[in-house]
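Right, one structure below, let's go through it.
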Amino acid sequence: MVPEFHGFDQRGDDFDLSAWRGRPVLLFFFAFAFSSVCRDELENLRDMAYLFDAAGCRIVAVSTDTTFALRELDRQLGLGFSLVSDHWPHGSIGRAYGAFDDRLGCDRRQSFLLGPDGTLVWNKEGDLPSIRDIGEHLSAVHYHFPQ
């Protein structure tokens, strides 16, 4: 089982990972809401989100940004999926998943595909200056959860 966590999403609503059981979940850690690479990566994820949804997979993006910053990011980009703040306690969600970079003080570009039962079925770490391949993420969903 993966670590459970509670936090707040971009609307300030309570987010409880365990409430999302029953469907696959893509946890998508990213570093900084307003960096160009993160914006591009999240826009790519947004543009393919309907394909994840069609495969029955929910998307949860996590960063150490505040809920206010994530709300503004969502307003600007119209992402349409949950953005969870890992701001306080700073990096606690990322640390639980081994995705927090103590040197930089932010979550690294890591992705975790969780099964409907909360088990880890796939993960991928990306380089901070590079955009992750969202198609590769979708392929992992289709491979592990064929319809």
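The values are calculated or read from the model by the stated rules, or taken from the named source; none is laboratory data. Bear in mind the structure is a predicted one, so any value in this text is a computation, not a measurement. Cβ: placed from backbone, ideal geometry, glycine included. Neighbour counts: every protein chain shown. Quick note on the areas: whole protein, heavy atoms, side chains included, nothing else; ligands and nucleic acids left out. Shrake-Rupley method; radii C 1.70, N 1.55, O 1.52, S 1.80 Å.
Just a few scattered comments:
- Arg108 being of a type in the set (Lys, Arg), touching a residue at least 24 places away in the same chain (Cβ under 8 Å), out of contact with any Lys or Arg (no Cβ under 6 Å at 6 or more places or on another chain) and open to solvent by 10 Å² or more (accessible area, probe 1.4 Å): yes
- Answer residue from region 1-40, given it is touching a Pro at 6+ places or on another chain (Cβ under 8 Å) and crowded, with 17+ Cβ neighbours inside 10 Å and is modelled with the lowest pLDDT among those: Val37
- Residue, most open to solvent (accessible area, probe 1.4 Å), within region 129-147, restricted to residues that are more than 16 Å from Asn44 (Cα to Cα), touching a residue at least 24 places away in the same chain (Cβ under 8 Å) and assigned to a loop (DSSP other than H, G, I, E, B): Gln147
- Qualifying positions in region 10-25 - in contact (Cβ under 8 Å) with a residue 24 or more places away in the chain and not in a loop (DSSP other than H, G, I, E, B): Phe15, Leu17, Ser18, Trp20, Val25
- Pro116 vs. criteria under 16 Å from Phe145 (Cβ atoms), open to solvent by less than 70 Å² (accessible area, probe 1.4 Å) and touching a Cys at 6+ places or on another chain (Cβ under 9 Å): no
- Total residues in region 119-128, condition open to solvent by less than 70 Å² (accessible area, probe 1.4 Å) and closer than 17 Å to Trp20 by Cβ: 3
- Ser85 farther than 22 Å from Pro24 by Cα and of a type in the set (Ser, Thr, Tyr): no
Yes/no per residue for (1) in a helix (DSSP H, G or I); (2) basic (Lys, Arg); (3) in contact with a helix residue (DSSP H, G or I) (Cβ under 9 Å, 6 or more places away or on another chain):
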residue: Glu4; (1), (2), (3): no, no, yes
residue: Phe8; (1), (2), (3): no, no, yes
residue: Leu27; (1), (2), (3): no, no, yes
residue: Val37; (1), (2), (3): yes, no, no
residue: Asp47; (1), (2), (3): yes, no, yes
residue: Val60; (1), (2), (3): no, no, yes
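- Scanning region 49-72 for residues that are in contact with a Leu (Cβ under 6 Å, 6 or more places away or on another chain) and open to solvent by 30 Å² or more (accessible area, probe 1.4 Å) gives a single hit, Leu51.
- Against the criterion of being in contact with a Ser or Thr (Cβ under 8 Å, 6 or more places away or on another chain) and open to solvent by less than 20 Å² (accessible area, probe 1.4 Å), Asp86 qualifies.
- Ile93 being among the β-branched types (Val, Ile, Thr), touching a residue at least 12 places away in the same chain (Cβ under 8 Å) and not in a loop (DSSP other than H, G, I, E, B): yes
- Just one of the numbered conditions (1) under 16 Å from Arg108 (Cβ atoms); (2) open to solvent by less than 70 Å² (accessible area, probe 1.4 Å) is not true of Glu43: (1).
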